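Here, each number is a calculation from the coordinates, and none is a lab measurement. These numbers were taken from a predicted model, which means no experiment stands behind them. In this analysis, Cβ positions are derived from the backbone assuming ideal geometry, glycine residues included, and neighbour counts consider all displayed protein chains.
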Amino acid sequence: MMTNLFSVFDPSTSMFNMSLNWSSTMMFIIMMPMMFWLIPSRVSVMWSTITKTLHNEFKILLGTNSFNGTTFMFISVFSLILFNNFMGLFPYIFTSTSHLVFTLTLSLPLWLAFMVYGWLNHTQHMFAHLVPQGTPAVLMPFMVCIETISNLIRPGTLAVRLAANMIAGHLLMTLLGNTGPSISYSILSLLIITQIMLLTLESAVSIIQSYVFAVLSTLYSSEVN
């Protein structure tokens, strides 16, 4: 029995006094060799098409001044989040992307690396970003404060956006699922249809949130060049 609303997300599964929940974070690696080393299937062709499309799009977002191979870093981040989002949709699998421990571990080092690189190598360019073009002289001090705050909260917003979106849908499905044993058969059919629709929505959210995280990271990177 749940002690509170969020206890379903507690990392509690263990075997031999070792936590098994975070092992689901890297579980997708088991599935990858089959896709990459056997005869090319529709899945591998589809994944190659997705990565090529992302590579071309990230290349445009990063601009001409970016280093070669930078897009692969963001494609890797996209892949990691996407697989973990999907793994969380399976029963009895701990959803690592619904925890700030996981999402902040991704967003904070990326943001810190961009900031350190930008301020050390393009200091004048970074100062220019604090005052948008065409700002009146009277508003310049306020704009510097606003831009500085918006810059500092970027890793937090990236992490909270991903975690909150993943936990919200899972929580709704858990709450609806817990009502199943206590309702009549006529309403149960509606509940099952609702759960299937929510599962479809969560699948779409899994893709969208991983894409949003990767695109925003790419945009933050392009600003320091």
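Considered as a group, the residues in region 123-176 that are farther than 21 Å from VAL215 by Cβ, hydroxyl-bearing (Ser, Thr, Tyr) and within 28 Å of the chain's Cα centre (by Cα) include one that is surrounded by the most Cβ atoms within 10 Å (Cβ to Cβ), and that residue is THR174. Considering every residue within region 77-100, establish whether at least one is over 18 Å from MET27 (Cα atoms) and surrounded by 13 or more Cβ atoms within 10 Å (Cβ to Cβ). Among the residues of region 77-100, at least one is over 18 Å from MET27 (Cα atoms) and surrounded by 13 or more Cβ atoms within 10 Å (Cβ to Cβ), which makes the answer yes.
Being within 30 Å of ALA128 (Cβ to Cβ) and hydroxyl-bearing (Ser, Thr, Tyr) holds for only one residue in SER189, SER222, and it is SER222.
Among residues of region 168-190 that are in contact (Cβ under 8 Å) with a residue 60 or more places away in the chain and in a helix (DSSP H, G or I), those with a Cβ under 6 angstrom from a residue that is surrounded by 11 or more Cβ atoms within 10 Å (Cβ to Cβ) and among the hydrophobic types (A, V, I, L, M, F, W, C), sequence gap 6+ or separate chain, pair up as THR174/VAL8. How many of the residues making up region 97-109 are in contact with a Leu (Cβ under 8 Å, 6 or more places away or on another chain) and either farther than 17 Å from LEU82 by Cβ or not small (Gly, Ala, Ser) (or both)? Result for region 97-109: 3.
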